[in-house]
Amino acid sequence: MSQGYSTYDVRERAVKAVRSGYSVSDVAAIYQVHRATLHRWLDRWKQRRGYEALQRKPGSGRKRILNEERLRKLKKIVLRPASHYGYETDLWTCRRLIQTTQRELGVRLSQPTMWRMLRGSGLTYQKPERRYFEANEEQRKEWLQKEIPKIKRTVKEFKAILYFEDESMISLTAMLGKTWAPKGHPPQQAVTGKRGGIAALSAIGQRGSLVFTLHEKRIASPEIIAFLSQLLKHHPRRHLVVVMDRAPAHTSKSTQAFIARQKRLHVFYLPPYSPDFNPDEEVWNHLKHQELKSHQAKNKKELKKLAQRKLRRMSNNQHLLHGIYFRCCVADLLN
């Protein structure tokens, strides 16, 4: 179990998760801390009945280059777009942060120290998620304010199981990973030059479950209807709440007619251009960038068999699915 530097935000969210009904074991796994550490945070909260008790206490040893106040300022800088500080794009690099920290905080840090400070503040070097220009922020806010309470009420009223659904194309063209090699001599990786791929549907559940199906054709209304039927058969006596985007196959007349006939099925639609509201998007991200990285499938049949094996292994890894689900900003709102 990894036990890195925990930020105040992580400690607060972990304690809130336990207080809302999640087990200590599950929360410890999601936030990658030892259960004993989580119990210490809970004890500190109980003793003072407040989250201020979770603030980190100053320790002994060599004085930090950046104190807590400057670390907070550094994090505040990183969480703003780099263009706010005069750069052409919004993304931060170490060089940009070193320059900005010297200008804004009066401290010059080396690159290794900057990396250490950033990781110590709970930050990691990540590829940003796409946010579409066409997305309407007012519409997204309105959806959070109006639809989230409706979803929560429906789940509570029918004691329903909550799922987020999405589909994706899995390409024969593999995403290549990285490996060690002599400088200036990049290694070669044999992959197929064939085009094409397979279509996949999945739904991730609030409690760490994953249901999926694969097709060798593009997803249309019949495939969506079949998948929703599969979900209902998977839970023969339970009501289901399914949240999905507004793709044509989801909102077609035939799909709408099927949904209207199902007494145990309650469907909610995400606002347009809002993939970040759907935790199932991260299922595909993990599958393509981790599980299928540098895959060796040479045709659709091999790719389908490989993807099926990888998805089945993911579906049996509840800790992984918990982590994927709770990385989504909407997940906490539906707790």
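Summing +1 for each Lys or Arg and -1 for each Asp or Glu, what net charge is found among the other residues whose Cβ lies under 15 Å from the Cβ of Phe258?
Combined, the nearby Lys, Arg, Asp and Glu give +3.
In whole Hz, with x marking every Gly and Pro, tabulate ³J(HN,Hα) for the stretch 308-319 from phi via Karplus 6.51 cos²θ - 1.76 cosθ + 1.60, θ = phi - 60°.
4, 5, 5, 5, 5, 5, 4, 5, 8, 10, 5, 5
Considering only protein heavy atoms, what per residue accessible area in square angstrom results for the chain with a 1.4 angstrom probe?
62 Å²
Quick one: helix 68-78 against the long Cα principal axis of the chain, what's the angle to the nearest 10°, folded into 0 to 90?
40 degrees
Sticking with the crude label model, points 7 Å out along Cα→Cβ, report the distance from Arg218 to Leu176 in nm, one decimal please.
3.0 nm
Of Tyr325, Tyr87, Tyr269, which is the most mobile in a GNM of the chain whose springs link Cα atoms less than 10 angstrom apart?
So, out of Tyr325, Tyr87, Tyr269, the one fluctuating most is Tyr87.
Given 25 °C and 0.890 mPa s, how large is the Stokes-Einstein diffusion coefficient of the stretch 107-215 in µm²/s, with Rh as the Kirkwood radius over Cα pairs?
For these conditions, the coefficient is 123 µm²/s.
Sort Ser252, Ser202 from largest to smallest accessible area, using a 1.4 Å probe on the heavy atoms of the protein chains.
The most accessible residue leads, giving Ser252, Ser202.
Of Asp166, Asp43, Asp26, which has the largest mean-square fluctuation in a 10 Å C-alpha GNM of the chain?
In this elastic network of the chain, the residue with the biggest mean-square fluctuation among Asp166, Asp43, Asp26 is Asp43.
Given the options Arg95, Arg44, Arg238, which has the most mean-square fluctuation in a GNM of the chain, springs set between C-alpha atoms less than 10 angstrom apart?
It is Arg95.
So what J values fall out for the stretch 132-144 if you push phi through Karplus, 6.51 cos²θ - 1.76 cosθ + 1.60 with θ = phi - 60°, rounded to Hz, Gly and Pro as x?
Each residue's phi maps through the Karplus curve to give 6, 4, 6, 5, 9, 5, 5, 5, 5, 5, 4, 4, 4 Hz.
Please compute the contact order of the chain in relative form: average sequence separation of alpha-carbon pairs under 8 Å and at least six residues apart, divided by the residue count, as a percent.
Over the chain, the number comes to 18 percent.
Excluding residues fewer than 8 places away in the same chain, name every one of the lysines whose C-alpha is closer than 29 Å to that of Lys183.
Lys127, Lys288, Lys293
Computing the accessible area with a 1.4 Å probe over protein heavy atoms, can you report the carbon and sulfur percentage for the chain?
49 percent
Once R0 is set to 45 Å, what does the formula 1/(1 + (r/R0)^6) return for the Cβ-Cβ distance between Cys94 and Lys263, expressed as a FRET efficiency to the nearest 0.05?
The computed FRET efficiency comes out at 0.20.
What is the Cα convex hull volume of the stretch 138-271 when expressed per residue in Å³?
So the per-residue hull volume is 174 Å³.
As a test, work out the antiparallel percent of DSSP beta bridges whose residues both lie in the chain, rounded to the nearest 5.
Roughly 60 percent of the DSSP beta bridges within the chain come out antiparallel.
For the stretch 193-271, give me the percentage of DSSP beta bridges that are antiparallel, rounded to the nearest 5 percent.
So the antiparallel bridges in the stretch 193-271 amount to around 55 percent.
What 222 nm value per residue comes from the helices of the chain, counting each DSSP H run with n ≥ 4 as -39,500 (n - 2.57) and dividing by all residues, nearest 500 deg cm²/dmol?
-14000 deg cm²/dmol
Please express the shape of the stretch 244-335 as an equivalent ellipsoid: the semi-axes are the square roots of 5 times the eigenvalues of the C-alpha gyration tensor, given largest first in whole angstrom.
27, 19, 13
For the stretch 137-165 and the stretch 183-259, what is the separation of their C-alpha centers, rounded to whole Å?
The stretch 137-165 and the stretch 183-259 have Cα centres spaced 21 Å from each other.
Do any GluC sites (Glu not before Pro) in the stretch 112-160 lie in a DSSP loop with no more than 15 other beta carbon atoms within 10 Å, and if so, which?
Glu129, Glu134
Considering the Cα positions of the chain, please state its Rg to one decimal place and its Dmax as a whole number of Å.
22.9, 68
Would you please give the FRET efficiency between Lys183 and Glu302, computed as 1/(1 + (r/R0)^6) with r the Cβ-Cβ distance and R0 = 45 Å, to the nearest 0.05?
0.85
Starting from the amide H of Val243, placed 1.01 Å from N in the peptide plane, find each other amide H under 5 Å away whose residue is 5 or more places distant or on another chain.
For Val243, the qualifying residues are Tyr163, Phe164, Glu165, Phe268.
Between Arg35 and Thr251, what is the label-to-label distance in nm when each label sits 7 Å out along the Cα-to-Cβ direction?
Spacing of the two 7 Å Cα→Cβ label points: 4.7 nm.
With a Förster radius of 45 Å, plug the Cβ-Cβ distance of His289 and Leu333 into 1/(1 + (r/R0)^6) and report the FRET value to the nearest 0.05.
0.95
The values are calculated or read from the model by the stated rules, or taken from the named source; none is laboratory data. In this text, all values refer to a predicted model and were calculated from it rather than measured experimentally. Note that we place each Cβ from the backbone using ideal geometry, even for glycine, and neighbour counts take in every protein chain shown. We work out accessible area using only protein heavy atoms, side chains counted, and drop any ligands, DNA or RNA first. Shrake-Rupley method; radii C 1.70, N 1.55, O 1.52, S 1.80 Å.
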